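Quick note: the coordinates plus some simple rules give every number you see, no bench work behind them. Just so it is clear, the model here is predicted, and its values are computed rather than measured. Glycine gets a Cβ as well: all are built from the backbone with ideal geometry, and neighbour counts include every protein chain shown.
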Amino acid sequence: MAPSARAPQGNGVRSHDDWVVQVNQKIHEEAQKACQYIPPYFRRIDAFGNPRHPSIFSPRPKANRHAVASPPHAAGQPSATETTDDDQVVVAAVGPYHRCSATAQPQPLITYANKCGIVRYLTRFNLDVEGFLKWAKDKEGPARLCYERDSFQMSSQEFAEMLLLDGCLLLFAVFLIRPSIREDKLPAKLARDEEHGKEFRDLSADISFHMQQTRLDLLLLHNQIPFFVLTELHRRLKDTFFAGITRSFEQLALSCFQDVHPFGLKEGEMSPTPMATANGNAGWFPPTVHHLLHLFHWSLVPRDKHAVDTDSIPPREPESHLPSATELEESFTVFTKQKKNDAMGSSSSCCFDITFESSKLHTGGVMRLPALHIHGYSESVRNLIAFEQSHLRCGHGVTAYAICMARLLQIDADARLLRNSGILPYTQRTDKEIVDMFRLLVDDCRNTCVPNDLLKLCNDVAAHHQSTGVRVLKGFVMQCFPRQTVTFFVIFAAIISFATLINTVHSMYRYYHPLGHLSPLGR
């Protein structure tokens with residue numbers, strides 16, 4: 001007879017599930033430290049070869065970006081110093097890469113004890129810690145495939161504990177920074193709870209007072225965990241911690257980033273469609289969401305453009321065929337803002353989409369670009385580019401956008417032209433800072449696969465810029481109006497001459513056809 005799975009083990013050997021109990025006890029012990037912590041400011045009140053398409057990768061070192069050299073580290077292990085200053089986690093560090101570099105400075109605001117405190121608080125809403133740890137251990141294989149192979153060393157038990165702690169932290173953050181709290185006011189109700197209100201306020205303080213930075217932390221490529229872990233936690237807490245909230249977790253998570261880019265999907269537009277999946281998600285979400293950054297990327301890029309496949313092998317420097325903004329203006333090209341027609345993913349409704357149209361005789365062109373509100377959140381574009389470089393199957397929409405903008409913005413006058421056209425509105429950055437920003441962005445996507453859509457756009461613009469119609473019209477303008485001052489006086493003289501002619505004709509007409517009360521005497 002086969003021995004029972006729960007039979008006691010002899011010779012001091014622990015049962016198979018003892019580690020689950022030990023982790024649960026450690027979480028509760030560490031949670032006590034979080035309760036004693038009072039924030040000082042609180043007084044203010046995927047590669048083609050892998051069938052699972054892994055898409056969470058350690059950040060790549062950026063050459064010549066910073067003068068400080070990275071210290072040597074073990075092969076296959078990501079160094080904490082590989083991240084640039086823009087990649088530093090401030091509030092919430094999640095994922096195995098941060099567990100492997102626990103000594104990195106500076107430490108995030110949310111500590112290990114805070115994470116344990118969040119897990120213990122969620123147990124008040126019937127979160128089964130031991131049951132989830134067992135589930136996470138069973139899903140270890142699919143979860144590890146989401147990361148770069150051999151990029152970190154972690155035992156099965158440590159990996160399951162990491163998924164529990166970081167998953168609860170992300171779920172807690174989504175609950176706090178989603179815009180719908182203005183409607184249901186659930187965080188305010190939990191904060192007023194007589195028994196556990198102080199615990200909730202202490203645990204939510206770091207996120208509540210740093211919402212903008214928390215959003216940026218959640219969009220770092222090396223700061224992700226598999227999305228199916230989050231959906232499983234949400235499923236377990238849907239009727240307790242998220243009671244009364246009918247939106248799916250995809251909708252809640254995406255709504256958290258609506259302030260990151262004003263042109264993205266708004267919460268009011270994310271209503272469920274008739275094509276609902278079995279788990280209640282809106283049918284227009286991607287079939288598989290890899291992580292939060294992937295969901296944010298999906299909401300911004302065109303659905304039917306900039307795909308990358310094995311045939312996307314471009315010539316070198318494809319952006320060299322794209323003239324700058326001021327050069328295109330000389331070619332009678334007008335820059336206009338891309339209109340947002342719908343919220344269901346057409347190419348015209350996405351943030352990172354540039355289109356160009358030329359007239360039939362190639363005497364004029366219209367380039368439509370999305371309005372980019374440049375502020376602190378624009379650094380998230382770098383993470384979107386890094387995600388596309390690691391996960392080719394999601395397309396290169398942001399990469400194509402960065403290449404186009406870097407080529408259009410060559411000098412300060414180019415940025416000034418797009419600013420005056422409404423493409424770069426409401427920014428405190430100077431024209432030079434905007435040019436330098438896109439120059440740095442394009443450095444992250446050198447020697448990359450360029451989609452055919454980008455090559456076609458560059459060829460269409462270059463064909464218009466070098467067309468016979470543009471050269472003839474430009475030559476005529478330069479011959480007749482070689483200088484701006486001459487052009488001004490010629491136009492002014494033409495207006496004066498036309499006004500004089502009109503006045504002369506009017507005077508002659510009134511001489512021969514006078515008004516009745518002004519008829520000559522004696523008639």
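Here are a few things to note about the model shown:
- Close amide H pairs (under 5 Å, H built 1.01 Å from N) link Thr333 with Gly365, residues at least 5 positions away or on another chain.
- Note that the stretch 228-235 has calculated 3J(HN,Hα) couplings of 5, 5, 5, 5, 5, 5, 5, 4 Hz, one per residue in order, obtained from phi through the Karplus relation 6.51 cos²θ - 1.76 cosθ + 1.60 (θ = phi - 60°); glycine and proline are x.
- Entries in Lys134/Lys189; Lys26/Lys137; Lys185/Lys339; Lys115/Lys137 that, when Cα-Cα distance is taken, lie over 22 Å: Lys134/Lys189; Lys185/Lys339
- In sequence order, the stretch 179-184 has phi-based couplings of x, 6, 5, 5, 8, 8 Hz under the Karplus curve 6.51 cos²θ - 1.76 cosθ + 1.60, θ = phi - 60°, and Gly or Pro positions carry x.
- Packing rank of 224-237, 288-301, where each peptide gets the mean count of other beta carbons within 10 Å, highest leading: 288-301, 224-237
- Database remark: amide H of His306 closer than 5 angstrom to the amide H of Asp453 (H placed geometrically; neighbours at sequence offset of 5 or more, or on other chains; Pro and chain starts carry no H).
- For Thr355, the residues whose amide H sits under 5 Å from its own are Arg368, ignoring neighbours fewer than 5 places away on the same chain, with H placed 1.01 Å from N.
- Applied to the stretch 192-203, the Karplus parametrisation 6.51 cos²θ - 1.76 cosθ + 1.60 on θ = phi - 60° returns per-residue 3J(HN,Hα) values of 8, 5, 5, 8, 10, x, 5, 4, 5, 5, 5, 6 Hz, with x for Gly and Pro.
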